[in-house]
Amino acid sequence: MGKSNFERMIQLADEVFSSKNDPQQLDVNEEVMEGLFKIHPACLSEYEEGEGPLAWVIVIPTSKRIMNAFLKKEISEKELYQQTQNEMRFETIYLCSALVLDEYRKKGIAKKTCLEAIEKIQKNHGIDTLFLWSFTPEGLHCAESIAKATKLTLLRRED
């Protein structure tokens, strides 16, 4: 019997991000997932069709002060998460990660899931900027497509 979609998603996350080996990255575990949900329920999104997750998306709304510190490499991704509090005024959204199983890629699933999350956050917050730390050309392309669809400015952390 093959791996479940959940197991495949975990493996994909490890392959793409290697966050357990990089202290700069946010290592998403149960505690972090609870914290993200407290920041905003739309931070964590999943797309599935009855057989388990086909895609996972993490977006983190935050302040421009935190965004700018992250873009200037003054703080890490982990510190961005730690400094973001649920009672803050959110002005920007960090497009943290989007993972889609291979056979479901290039179907707009990550974009659609991100757009839905952004829309939920925008209901209560004046978001005018998106930002990212891109690990793949596909991730950058998806972020650019999301920015175009939302008409929001997109900023990128360069490495």
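Nothing in this text is a laboratory measurement; each read-out follows from the coordinates by a stated rule. Predicted model, so just to flag it, every value in this text is computed and none were measured. Reconstructed Cβ throughout: ideal geometry from the backbone, glycine too, with neighbour counts over all protein chains shown.
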Environment charge at residue 126 (Cβ cut-off 12 Å; Lys +1, Arg +1, Asp -1, Glu -1): +1
Restricting to DSSP loop positions (anything but H, G, I, E, B) with no more than 10 other Cβ atoms inside 10 Å of their own Cβ, which GluC sites (Glu not before Pro) remain in region 91-159? 158
Listed residue pairs exceeding 19 Å between alpha carbons, taken from 106/148; 3/112; 73/148; 72/111; 78/120: 3/112; 73/148; 72/111; 78/120
Taking H as built 1.01 Å from N, whose amide H comes closer than 5 Å to the amide H of residue 133, not counting residues under 5 places away? 157
For the chain, the longest stretch holding no trypsin sites (Lys or Arg not before Pro) located in a DSSP loop with at most 16 other Cβ atoms within 10 Å is which? 4-71
I need 132, 44 ordered by Cβ neighbour count within 10 Å, fewest first. 44, 132
List the chymotrypsin sites (Phe, Trp or Tyr not before Pro) in region 105-159 that DSSP assigns to loop (not H, G, I, E or B) and whose Cβ has at most 16 other Cβ atoms within 10 Å. Which are they? 135
Per residue of the chain, what 222 nm ellipticity follows from adding -39500 (n - 2.57) for every DSSP H run with n ≥ 4, rounded to the nearest 500? -12500 deg cm²/dmol
Pair-distance profile P(r), taking every C-alpha pair of the chain, with 10 angstrom steps and integer %: 10, 43, 38, 9, 1
All aspartates and glutamates inside 17 Å of residue 107 as judged from Cα atoms, apart from same-chain residues fewer than 8 positions distant: 46, 48, 49, 116, 138, 144
Dividing the alpha-carbon radius of gyration of region 85-149 by 2.2 N^0.38 Å (N being the number of residues), what value is obtained? 1.16
Using a Förster distance of 35 Å, the FRET efficiency for residue 86-residue 148 (Cβ separation, nearest 0.05): 0.75
